[in-house]
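Values in this text are rule-based calculations from the coordinates and carry no lab data. Computed from a prediction, not measured in an experiment: that's the story for all the values here. Here Cβ is always computed from backbone atoms with ideal geometry, including for glycine, and neighbour counts include all displayed protein chains.
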Amino acid sequence: MLRLRLLSAVVLIPVLICVLIAGQPWLTLTVALICALAAWETFALLRSGGFVVEPWLGVAGALLAVLDAVLGPRYPAVSVGYVAIVVVAFGTIALRQPEPRLGFQAWLSGAFGVLYVGLLAFTVRILEAAPPIPATAWLVGILDAGRVWLLVLVLGVWTYDTFAYLAGRGIGRGRFMNHISPSKTWSGVIGGTLAAMAMTGALATAAGHATLGGIVLGLLIAVTAQAGDLVESLLKRTAGAKDSGSIIPGHGGMLDRVDSFLFAAPAVYLYLVAVASFG
């Protein structure tokens with residue numbers, strides 16, 4: 001299994017790097033594809049958990065989240081409208097259920113599924129919210145500001161996940177959230193967090209940002225990435241599933257690969273907005 005995971009990573013990582021280098025519109029199109037696949041898996045898990053779902057409407061809602069992220073910077077009111085559309089659409093469709101309890105369940109599961117997966121669209125928003133790269137920064141001229149900070153997000157999450165796994169396997173001390181994910185340990189959490197803080201601190205410095213700010217961002221990424229992973233584990237336990245799918249050999253489903261980003265992407269976006277507002 002480990003060999004299969006490594007082979008999949010060897011294929012996937014260069015693809016993601018190529019997309020990052022290519023820039024727009026390939027970045028947005030890739031996020032849209034990932035959102036659609038993750039939405040399908042999310043609604044499959046909800047169905048397995050006994051919830052009434054509308055999978056195709058869920059996929060459409062997830063794609064609408066990406067469109068909202070593209071239009072949001074120019075038309076701020078669109079984002080409020082997006083949330084309203086999701087709540088109203090699923091509430092209206094739920095009225096066709098024969099029993100009020102089933103209808104209410106369909107409404108909640110539908111709105112939750114779309115808004116949950118739609119969090120990934122914040123990766124597109126980061127492209128617009130990123131502060132400019134100073135002319136003296138090491139990374140200036142290599143990538144534009146949006147892609148630099150998207151790289152901070154990606155490498156921050158990957159570093160946390162990798163070192164949490166290594167520290168957990170190597171040290172394995174202190175069970176963490178055992179009722180949700182028995183394999184998690186405090187040693188893994190601490191090791192992953194320290195590594196993520198070091199990575200984002202170095203990248204922030206290379207981008208001309210305050211090193212301390214980058215370290216704080218690393219802590220923020222570590223906390224939210226771990227929370228995103230645990231929330232998906234909660235969803236899979238509810239569905240009685242080990243993985244969200246089998247689209248990626250050795251890695252499970254698409255949702256299994258992006259669960260950490262669902263919470264970390266909004267955190268990085270809000271951090272950048274705060275920096276722009278108070279910096």
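Over all directions, the projected convex hull of the C-alpha atoms in the range 2-278 averages 15.1 nm² in area.
A compact globular protein would have a Cα radius of gyration near 2.2 N^0.38 Å; the ratio found for the range 29-94 is 1.18.
Of the candidates Pro55, Pro76, Pro132, which one comes out as most mobile in a Gaussian network treatment of the chain with C-alpha springs shorter than 10 Å? It is Pro76. Each Cα pair under 8 Å and six or more residues apart adds its separation to the average, and for the range 2-278 the resulting relative contact order is 21 percent. Taking only the C-alpha atoms of the range 184-224, Rg followed by Dmax gives 10.4, 35 Å.
Take the Cα pairs of the range 1-135, get the Kirkwood Rh, then feed it into Stokes-Einstein at 37 °C and 0.692 mPa s and tell me D in µm²/s. All intermediate terms of the calculation are to be shown ahead of the outcome.
Working: Rh = 16.5 Å.
Stokes-Einstein gives a translational diffusion coefficient of 199 µm²/s.
Among Val268, Val66, Val31, which one moves the most in a GNM of the chain with springs linking Cα atoms closer than 10 Å? Looking only at Val268, Val66, Val31, the biggest GNM fluctuation is shown by Val31. Measuring max minus min along each principal axis, the C-alpha atoms of the range 195-256 give extents of 45, 22, 14 Å (largest first). Considering all different alpha carbon pairs of the range 65-123, the Kirkwood hydrodynamic radius works out to 12.1 Å.
Per residue, the chain reaches -25500 deg cm²/dmol at 222 nm when only DSSP H runs of four or more residues are counted, each adding -39500 (n - 2.57).
Put in order of Cβ neighbour count within 10 Å, fewest first, the listed residues Val140, Val148 become Val140, Val148.
Just to be sure I understand: if I project the alpha-carbon convex hull of the range 134-202 onto a plane and average over all orientations, what area do I get in nm²?
Averaging across all directions leaves 5.3 nm² for the Cα convex hull.
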